[in-house]
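Single-structure report; data block below.
The values are calculated or read from the model by the stated rules, or taken from the named source; none is laboratory data. All values reported here derive from a predicted model rather than from experimental measurement. Glycine gets a Cβ as well: all are built from the backbone with ideal geometry, and neighbour counts include every protein chain shown. Only protein heavy atoms, including side chains, enter the accessible area calculation; ligands, DNA and RNA are left aside. Shrake-Rupley method; radii C 1.70, N 1.55, O 1.52, S 1.80 Å.
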Amino acid sequence: MRNLAVLTSGGDAPGMNAAIRAVVRTGLSHGLNMWGVRRGYAGLIEGDFRRLGARDVGGIIQHGGTVLGTSRSPEFMTHDGLELAMHRLRGTGIEGLIVIGGNGSQRGSEALHRLGFPVVGIASTIDNDLSGSDVTIGVDTALNVALNAIDNLKVTASSLQRTFLVEVMGRHCGYLALMSGIAGGAEAVVLPEVEFTPEALAVHILQCYERGKPHVIVVVAEGAKYNAEGLCRYFSEKNLIPGHEFRSTVLGYVQRGATPTCADRLLGTHLGVEAVEQMVAGRYGVLVGIHKSEPITTPLEEIVGKDKPLDPWFLKMAEMLAR
Ligand code: F6P
């Protein structure tokens with residue numbers, strides 16, 4: 001192999017730049033020509049490639065987002081889109097591709113792999129919903145943003161004895177909500193994975209106040225049955241907790257664009273190096289992730305479309321500690 005390309009795809013995640021830098025510099029150290037694909041799979045089908053040297057990836061490790069740009073490209077997953085992508089890659093002499101991204105992005109990797117193109121995926125999404133990695137690039141930073149917000153909201157909530165419902169990202173997965181709820185000392189978490197009713201939550205909130213709590217913080221996953229605003233409205237309209245006021249805060253995209261934490265820079269670097277080592281060793285069609293602090297590989301077909309269940313012990317822990 002002489003020419004290796006890298007792209008970032010789907011939602012940007014803090015730490016992606018560390019992974020790009022590691023991929024490029026590891027490839028260069030193996031004597032490869034390194035290429036960057038701009039704007040993910042959209043750039044791949046347009047042939048938007050450029051050669052990358054060591055200096056091109058200098059000064060990026062500390063920045064959120066992705067210097068290559070990213071996209072969600074439904075066109076890529078069509079028969080014509082995939083054919084065009086293969087044509088562009090082969091036309092440029094690119095013999096391998098590293099895909100840094102989450103679930104949808106690795107579905108694209110697997111499609112290219114099935115067509116016989118050498119691909120290695122790197123587990124990257126703030127949602128942590130990708131099996132094949134204990135934790136994915138961007139999760140730690142997104143959690144820290146949520147924690148800052150929860151800490152700040154607690155101060156205000158205590159001053160006014162209010163209930164705050166904080167909505168965090170995560171798509172259909174409750175991982176970010178669960179972990180930020182535990183680490184932020186929230187009184188309750190509302191998750192897509194766990195059945196709940198607003199009435200039962202209202203009883204729990206009332207009990208918290210009866211036990212002398214000065215505030216109640218409820219972390220709501222964006223994929224849950226009710227969103228934070230909806231719950232607020234429901235509580236007020238039904239007067240479920242008389243005499244109490246509710247406010248909602250939606251964190252949304254601020255969780256994605258933050259400066260990557262040390263953990264995310266190290267994870268991006270670790271997985272970036274490992275992905276190139278796998279490629280150079282001829283082990284394609286795998287996702288590179290982390291398990292018990294060691295890099296691991298999983299065949300792409302085993303991770304695509306697979307749910308990653310929440311650890312039941314953490315669910316139990318959240319319940320036990322919210323007193
Ligand atoms: O996958 C990352 C994520 O930020 C999810 O948490 C969220 O549901 C989604 O992307 C938002 O997607 P988009 O950037 O397309 O609006």
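Backbone N atoms of region 274-289 closer than 18 Å to the 7 Å Cα→Cβ label point of S29 belong to residues 274-282.
The string of couplings for region 102-112 from the Karplus curve (6.51, -1.76, 1.60, θ = phi - 60°) is x, 3, x, 5, 6, 5, x, 4, 5, 5, 5 Hz, one whole number per residue in order, with x for Gly and Pro.
Principal axis analysis of the Cα atoms in the chain yields extents of 69, 37, 31 Å, listed in decreasing size. The order of the peptides 103-115, 267-279, 296-308 by mean Cβ neighbours within 10 Å, most packed first, is 267-279, 103-115, 296-308. Compared with the dominant principal axis of the Cα atoms in the chain, helix 139-160 is inclined by about 20°.
Rounded to the nearest 10 degrees, the inclination of helix 228-237 to the longest alpha-carbon principal axis of the chain is 20 degrees. Measure nothing but the geometry: give the 0 to 90° angle between the long axis through the Cα atoms of 198-210 and the longest principal axis through the Cα atoms of the chain, rounded to 10°. Approximately 60 degrees, to the nearest ten. Shape annotation for region 88-225: C-alpha extents along the principal axes are 68, 28, 22 Å, from largest to smallest.
Here the Karplus curve 6.51 cos²θ - 1.76 cosθ + 1.60, taken at θ = phi - 60°, turns the phi angles of region 175-192 into couplings of 4, 4, 5, 4, 6, 6, x, 5, 6, x, x, 6, 7, 7, 10, 10, 10, x Hz, with x standing for Gly and Pro.
Rolling a 1.4 angstrom probe over the protein heavy atoms with all chains in place gives the chain an accessible area of 43 Å² per residue.
A cut-off under 13 angstrom between Cβ atoms defines the neighbours of G305, and their net charge, with Lys, Arg +1 and Asp, Glu -1, is -2.
The string of couplings for region 274-290 from the Karplus curve (6.51, -1.76, 1.60, θ = phi - 60°) is 4, 4, 5, 4, 5, 4, 5, 7, x, 9, 9, x, 10, 9, 9, x, 10 Hz, one whole number per residue in order, with x for Gly and Pro. Return a single number: how many Lys pairs in the chain, at a sequence separation of 8 or more or on separate chains, have alpha-carbon atoms below 29 angstrom apart. The number of close lysine pairs in the chain is 16. Plainly put, region 171-252 has a radius of gyration that is 0.94 times its Kirkwood radius, both from alpha-carbon atoms, as the Rg/Rh ratio.
Amide H to amide H distances under 5 Å link G121 with V99, V286, L287, V288, where only residues 5 or more positions off or on other chains count and H is placed in the peptide plane.
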